[in-house]
1. How large, in Å, is segment 76-151 by the Kirkwood hydrodynamic radius built from its alpha-carbon pairs?
2. Along the charge dipole of segment 82-151, which of P102, A140, P116 sits closest to the positive end, that is, farthest toward it, with unit charges on the beta carbon of Lys, Arg, Asp and Glu (+1, +1, -1, -1)?
3. Got a sec? Which residues in segment 109-143 would a label at V41 touch, if it sits 7 Å along Cα→Cβ and we count backbone N under 20 Å?
4. Could you work out how far apart the two model spin labels at M34 and W88 are, taking each label as a point 7 Å from the Cα in the direction of the beta carbon, and quote it in nm?
5. Tell me, what is the 1.4 Å probe accessible area of L83, in Å² to the nearest 10?
6. Modelling each spin label as a point 7 Å along the Cα-to-Cβ direction, I'd like the L108/R80 distance in nm, to one decimal.
7. Place +1 on the Cβ of every Lys and Arg and -1 on the Cβ of every Asp and Glu in segment 26-93, take the dipole about the Cα centre, and give the residue among G58, V69, A29 whose Cα lies farthest towards its positive end.
8. Once R0 is set to 25 Å, what does the formula 1/(1 + (r/R0)^6) return for the Cβ-Cβ distance between T63 and M99, expressed as a FRET efficiency to the nearest 0.05?
Amino acid sequence: MSAEQNPAPEAAEAARDTEPRPARLTAAAALAAMEGLALAVGGGWMLVEGFAGDADDGQSAVTGGITLVVLALLPLLAARGLLARRSWSRGPAVITQIMALPVAYNLLQADSLAIPAGIALAVVAVTALVLLVNAETTRALGIRGPGNVQK
């Protein structure tokens with residue numbers, strides 16, 4: 001077998017990068033970025049309330065705000081990686097969606113205005129998961145399935 005029949009991984013990646021980015025991959029990146037921004041805004045809001053003294057427990061508000069801002073980094077980095085077609089980015093994006101599902105369920109259990117937020121979060125998480133495991137997205141990221149090793 002010649003090198004032309006089995007291109008080097010760098011050549012395969014360069015060829016993949018010249019193809020147009022699939023709309024599904026762009027949509028998955030947009031959903032991940034939207035979730036990351038929502039986490040960052042929520043964390044910022046909690047921080048402001050904690051520092052301003054408007055929260056019932058300022059220390060808990062500050063701790064929760066910092067936690068949300070740090071958690072926002074995962075989907076934001078994943079979104080950036082998805083747009084750049086980095087294969088590592090699908091893992092953090094999928095983990096973000098899996099973590100969002102129990103949060104959505106808890107929001108749906110509330111007797112308040114949190115129910116529409118739970119519905120929206122569940123729809124976004126399931127949609128993003130479907131987009132992320134799609135075969136077109138997998139190919140665009142250069143992820144090979146089990147048993148598909150490059151020789």
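The values are calculated or read from the model by the stated rules, or taken from the named source; none is laboratory data. What you are looking at is a predicted structure, and each value in this text was computed from that prediction instead of being measured. So basically every Cβ, Gly included, is an ideal-geometry build from the backbone, and we count neighbours across all protein chains shown. Protein only, heavy atoms only, side chains kept; ligands, DNA and RNA dropped before computing areas. Shrake-Rupley method; radii C 1.70, N 1.55, O 1.52, S 1.80 Å.
1. Result for segment 76-151, one decimal place: 13.7 Å.
2. It is A140.
3. Only 113-128 pass the distance filter.
4. Here the modelled spin labels are 2.7 nm apart.
5. 80 Å²
6. 3.3 nm
7. A29
8. The formula returns an efficiency of 0.85 here.
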